[in-house]
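Undergrad: To start, I am sharing the structure in question, which I have written as structure tokens.
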Amino acid sequence: MNNLNEIKLQTSKYIKQFQDFSLKYPGPVAHSVQLDFGKYKEHIVFSAIVHGEEVGSLPAIISTITSLASKKVKFGGRVTFLLGNVPAALENKRFLEQDLNRAFGENSDVQNTYEKTRALELQPVLESCDFLFDIHQTKQPTQFPFYTFGFHEKSHLWARAIGGTEMFITRPSHKSFSVSGLCIDEYVRKKGKPAVTLELSQKGYHESARVLAQRTILRVLKNADKIFMKTTTLKKLSHKNRELEFLVTSYKEPFSHPKKSLKESLTNFTKVTEAECLGFDENKKPILSPSSGYLLFPKYPNRDENGNSLELLSEIFTIVKPSNPFVFLK
Ligand SMILES: [Zn+2]
């Protein structure tokens, strides 16, 4: 089911269904659907395919809109579903000209791209939201779904209340994810609102990704009703679930030479030990893990006949380590 043509076919089918809904329930911008049930004023936003090839949540997005429209799923507030990068998704690409998930905010360094225009168009919608749930998938396989966002108390409580996963990769809130521009969720937190990113699975259509997306989207809606109709508080809801496993970056190996490469079959959350060989540099010298922890974001770019990476990447892998939540919660 996950060969390229089948993925593209599935994606165009889901996007067509979404466009049909957007005619009936138009949202504030292109590629958005909005439903307003009017019981309270707060506004929940879901974003999917901010990276075009991370399509695994589309089936759950369509089925949620279907259930909301038929009132099979009860919800009292205003909800907007945003598809971030439709043109890239139709080509099963991460983006057309620039990573949309680095194009938000002022300091984004690339201008006049499809993605920059799209980011500017989405910003007012993000400014109007009271919670953003942003759904992604990873390039390589992952042993767990995980949340990833800069620490922000309310966002953390939302993530914990939603459930979905206990793995939480975080960083101090003042540290940007990337110097080139803001991610969609970062933009929302910069405005003081909670925003959570969930990585479901490896990119593509997977049953586990569909189920997890469906479960977490419905939980967001349910929790929003409880919080905004004041039957309970976010804090109480979050305390029904166990504390998340806080993981922080302890090391990033720079992709300092296009010949640098990793050993095969490293995945997200591969456990590594100190001084373990993880790959080889341009002189065929081993690249050793500086510490124990979980490996994340291993890069296996396409290469030319001489083994040079065809992609310009800043890191070849990251190591994360468990951290005491109290470091962040104090
Ligand atoms: Zn992504």
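The values are calculated or read from the model by the stated rules, or taken from the named source; none is laboratory data. This structure is a prediction, so every number in the text was calculated from the model and none was measured. Here Cβ is always computed from backbone atoms with ideal geometry, including for glycine, and neighbour counts include all displayed protein chains.
Undergrad: Give the stretch 144-161 a look and list any residue that's within 16 Å of the ligand (Cβ to nearest atom), outside any loop (DSSP other than H, G, I, E, B) and of a type in the set (Phe, Trp, Tyr), or say none.
TA: The answer is Phe146, Tyr147.
Undergrad: Looking at Phe168, is it within 16 Å of the ligand (Cβ to nearest atom) and surrounded by 22 or more Cβ atoms within 10 Å (Cβ to Cβ)? I'd like the intermediate steps shown before the answer.
TA: Numbers: within 16 Å of the ligand (Cβ to nearest atom): no; surrounded by 22 or more Cβ atoms within 10 Å (Cβ to Cβ): yes.
So Phe168 fails the test.
Undergrad: Kindly indicate whether any position in the stretch 135-142 is part of a strand (DSSP E or B), without any contact (Cβ under 8 Å) to a residue 60 or more places away in the chain and hydroxyl-bearing (Ser, Thr, Tyr).
TA: The first filter runs over the stretch 135-142 and keeps only residues part of a strand (DSSP E or B), leaving 135-138, 142.
Then keep just the ones that are without any contact (Cβ under 8 Å) to a residue 60 or more places away in the chain; that gives none.
No; the residues of the stretch 135-142 include none that is part of a strand (DSSP E or B), without any contact (Cβ under 8 Å) to a residue 60 or more places away in the chain and hydroxyl-bearing (Ser, Thr, Tyr).
Undergrad: Of all residues in the stretch 252-280, which are over 22 Å from Pro145 (Cβ atoms) and small (Gly, Ala, Ser)?
TA: Passing the criteria: Ser256, Ser261, Ala275, Gly279.
Undergrad: Considering only the stretch 235-287, give the strands (runs of 3 or more DSSP E) lying wholly within it that have at least 1 residues that are of a type in the set (D, E, K, R).
TA: Where strands (runs of 3 or more DSSP E) fall fully within the stretch 235-287 and carry at least 1 residues being of a type in the set (D, E, K, R), they are 245-254, 270-272.
Undergrad: Can you find, within the stretch 181-231, the residue that is nearest to Gln140 (Cα to Cα) among those that are of a type in the set (S, T, N, Q) and within 16 Å of the ligand (Cβ to nearest atom)?
TA: Gln202
Undergrad: Considering every residue within the stretch 41-55, establish whether at least one is within 18 Å of the chain's Cα centre (by Cα), away from the ligand (no atom under 16 Å from the Cβ) and closer than 18 Å to Lys222 by Cα.
TA: Looking through the stretch 41-55, at least one residue is within 18 Å of the chain's Cα centre (by Cα), away from the ligand (no atom under 16 Å from the Cβ) and closer than 18 Å to Lys222 by Cα.
Undergrad: To continue, here is another question. Kindly check whether there is at least one residue in the stretch 123-131 that is within 14 Å of the ligand (Cβ to nearest atom) and either touching an Asp or Glu at 6+ places or on another chain (Cβ under 7 Å) or in a helix (DSSP H, G or I) (or both).
TA: Checked against the condition, which is being within 14 Å of the ligand (Cβ to nearest atom) and either touching an Asp or Glu at 6+ places or on another chain (Cβ under 7 Å) or in a helix (DSSP H, G or I) (or both), the stretch 123-131 yields no hits at all.
Undergrad: Out of all the residues in the stretch 69-87, which are of a type in the set (A, V, I, L, M) and either modelled with pLDDT under 95 or closer than 21 Å to Leu126 by Cα (or both)?
TA: Of everything in the stretch 69-87, those that are of a type in the set (A, V, I, L, M) and either modelled with pLDDT under 95 or closer than 21 Å to Leu126 by Cα (or both) turn out to be Val79, Leu82, Leu83, Val86.
Undergrad: Specify the residue that is farthest from the ligand (Cβ to nearest atom); the eligible residues are those in the stretch 74-113 that are in a loop (DSSP other than H, G, I, E, B) and small (Gly, Ala, Ser).
TA: It comes out as Gly76.
Undergrad: Considering only the stretch 132-143, state which residues are buried (at least 24 other Cβ atoms within 10 Å of the Cβ) and either among the basic types (Lys, Arg) or more than 13 Å from the ligand (Cβ to nearest atom) (or both).
TA: Within the stretch 132-143, Leu132, Phe133 qualify.
Undergrad: Look through Ala275, Ala209 and report the one residue that is free of Cβ contacts under 8 Å to residues at least 60 places away in the same chain and in contact with a Leu (Cβ under 6 Å, 6 or more places away or on another chain).
TA: Going through Ala275, Ala209 in turn, the sole match is Ala275.
Undergrad: Could I ask something else about it? Just checking, does the stretch 25-36 include any residue being surrounded by 14 or more Cβ atoms within 10 Å (Cβ to Cβ), in a loop (DSSP other than H, G, I, E, B) and more than 23 Å from the chain's Cα centre (by Cα)?
TA: Within the stretch 25-36 (the criterion being surrounded by 14 or more Cβ atoms within 10 Å (Cβ to Cβ), in a loop (DSSP other than H, G, I, E, B) and more than 23 Å from the chain's Cα centre (by Cα)), the answer is yes, since at least one residue qualifies.
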